[in-house]
Every structure is written in structure tokens, then in C-alpha cells.
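This report concerns only the one structure given below.
The values are calculated or read from the model by the stated rules, or taken from the named source; none is laboratory data. What you see is a predicted model, and the numbers here were worked out from it, not measured in a lab. Note that we place each Cβ from the backbone using ideal geometry, even for glycine, and neighbour counts take in every protein chain shown. Heavy atoms of the whole protein, side chains included, go into the accessibility calculation; ligands, DNA and RNA do not. Shrake-Rupley method; radii C 1.70, N 1.55, O 1.52, S 1.80 Å.
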Amino acid sequence: MAAGTAGLVYAAGFEARSFRLRRVTVPVLPSGMRPLRVLQVSDIHMVGGQRKKQRWLRSLAGLRPDFVINTGDNLSDPEGVPEVLDALGPLMEFPGAYVFGSNDYYGPALRNPARYLFEKAQGRHGLNGNAPAVNVVHNPWEDLRDGFDGAGWLNLTNTRGTLKIEGVSVELTGLDDPHIKRDRYAQVAGGPSGGADFSMGVVHAPYLRVLDSFTADGYPLVLAGHTHGGQLCLPFYGAFVTNCDLDTDRVKGLSTHTAETRTAYLHVSAGCGTNRYTPVRFACPPEVTLLTLVGRE
């Protein structure tokens, strides 16, 4: 009991607030193209009063990325939109794009964490195999969208967009959240347009059907979040669940995905927040990632 109590105090009182910056180099750009620095922010799950998280997010502008990608789940409080926009304000001075996750649309509910293990064993995740959610709290996601759009960030909800970075064109193809079956890949299918210097895919939850589609269509890189890196992990073992059908070996960080005859890089952010009802992390500190994209050679 003493060990369990100490672990809970550590997970909630220290590690959940021990924010980290992960740096990753990804060899995906065409030969001869200058490197691009991409800051991926995911799964903020903002709750009112999280001042340390807000200060830390504001400080990230000092990294001076070429552009920012927000992979969703910004909210864990219907009243949290102003604090999200304030915390991300300095980053919204840079070019950027975003997709939403289920927690941007719907408020969190108290849930037994053991259900994630049961659903994994049964092959059920989110609304993919479960009954539709009823009597849920609707978050003011429109206000969040308007704030991001007003700053010039691209809304990648089942659509494409292009960022111009000092003469370099970056094509972004995004999907709405597969965890609640809002993804519509048919609307963006066909692969990179060929008119951009570099193309990549963006989605909140890294479901295999989405990764297969992006990879088979020839995107060299896909960014995702959602998994929280497992959130509660066992040292020297890793994550128990991913909260989707992705395997636990790829629950966070850089890996690859193969579909048909093609292979893409996949980066899954462990995110920098938690559901307000499970504000703990263990062996999986909160993070954002600065990805440096370099030439394939």
C-alpha cells in the first residue's frame, strides 16, 4: 500500500507536470532541400488553472520552428478554450496547421482505466466497435477552430493545405479523428499532388486503416498523437495500451509503417496532458517534439 501510494503521488504530483522536449531527426526530404524544423504539439488536454503547462507551452516559441503542427485533443474542460489559445499564442505567430481529436469535440467522462485493457483484448477502441456515445458534453470546438483560423493556421479537417516556408512549399493532408469515425480519406485520396516540395500526412489517432492509406498513397511522413505514449507504463517493459489498434511497440516516437510496397515514417507524440479524470503519468513524461526533417541521403 505504501509503494502504491508513493507511486500515485509521483505519477500525479511530479511526472504529469515534468514537461519534456523530444528532438528527432527524420530523413524524408528530397535531396538538396534545406532542413525543416517542425514542432509537433499534441494532447494538451487543457484544464483551467494549469499555469505551469501554459507557461511551458508559451516558452516553446523560443525554439523558432519553421512551422507548427497541432495533432488535436487540446481540451479536457469545456471552459478551456481561452487558456489553450493564450498558451499557444506565441506559437501561433509561426506558420501552422491542425487537426482535432475527440476531446476537442466532446468533454471527458469518468471512466475505469481498466476498460482500456478489456477493450484492447476485445479489439474495440473508441467508437470503432463500441456503441455510439450518448449524453456527452459538447465542447465549444468552434471557438477553438476560429482562434486557430484567425491566427492563420490551416484547418486540415479531411482536406489538404499548403504552407509556404521561405520559398519552400509544404503540402499537408489531414484527417478528422478516426477514433470517433470522423475520418474521410476518400476526400483526400490520391497521394501528394506533385506541385509541392514536400508532402506529409496529419491525423490525431494513428489507426492502421489511416496509416495504410497515407503510406500506400506515397506520403513519406505521418504525424499523429492520441496514445499519450501509453500514459501508465512499466519501466523496462513499456506501454500496455495505445487506445487504438496500433501496436504498443510504436506507441510513441519515430517508427516506420509499411503498406503494400511502400514505407513511411510515423511519428506519434506522447502528448503533454492527460484526461482530467486520470491526471497521472508513469514512466511516460509529457512532451512535445521538435522534428528536424532532412534529406533522405
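Some points to look at:
For (1) within 20 Å of residue 270 (Cβ to Cβ); (2) open to solvent by 10 Å² or more (accessible area, probe 1.4 Å), each residue gets a yes or a no:
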residue: 179; (1), (2): yes, yes
residue: 186; (1), (2): no, yes
residue: 191; (1), (2): no, no
residue: 200; (1), (2): yes, no
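- If the condition is being in a helix (DSSP H, G or I), open to solvent by less than 60 Å² (accessible area, probe 1.4 Å) and closer than 22 Å to residue 279 by Cβ, then region 88-140 contributes 88, 102, 103, 104, 105, 114, 119.
- Residue in region 61-68 that is in contact (Cβ under 8 Å) with a residue 12 or more places away in the chain, charged (D, E, K, R) and touching a Phe, Trp or Tyr at 6+ places or on another chain (Cβ under 9 Å) present: yes
- Residue 42 meets the conditions (1) crowded, with 22+ Cβ neighbours inside 10 Å; (2) over 17 Å from residue 179 (Cβ atoms) in every case but one. The failed one is (2).
- Out of 12, 16, 6, sole residue that is buried (at least 18 other Cβ atoms within 10 Å of the Cβ) and modelled with pLDDT under 95: 16
- Between 143, 183, 176, 212, the distinction of being part of a loop (DSSP other than H, G, I, E, B) and either in contact with a His (Cβ under 6 Å, 6 or more places away or on another chain) or in contact (Cβ under 8 Å) with a residue 40 or more places away in the chain (or both) belongs to 176 only.
- Yes/no for residue 85 being at pLDDT 95 or above, aliphatic (A, V, I, L, M) and either open to solvent by 30 Å² or more (accessible area, probe 1.4 Å) or part of a helix (DSSP H, G or I) (or both): yes
- Output for region 242-268, where each listed residue is crowded, with 22+ Cβ neighbours inside 10 Å and assigned to a loop (DSSP other than H, G, I, E, B): 242, 244, 246, 251, 252
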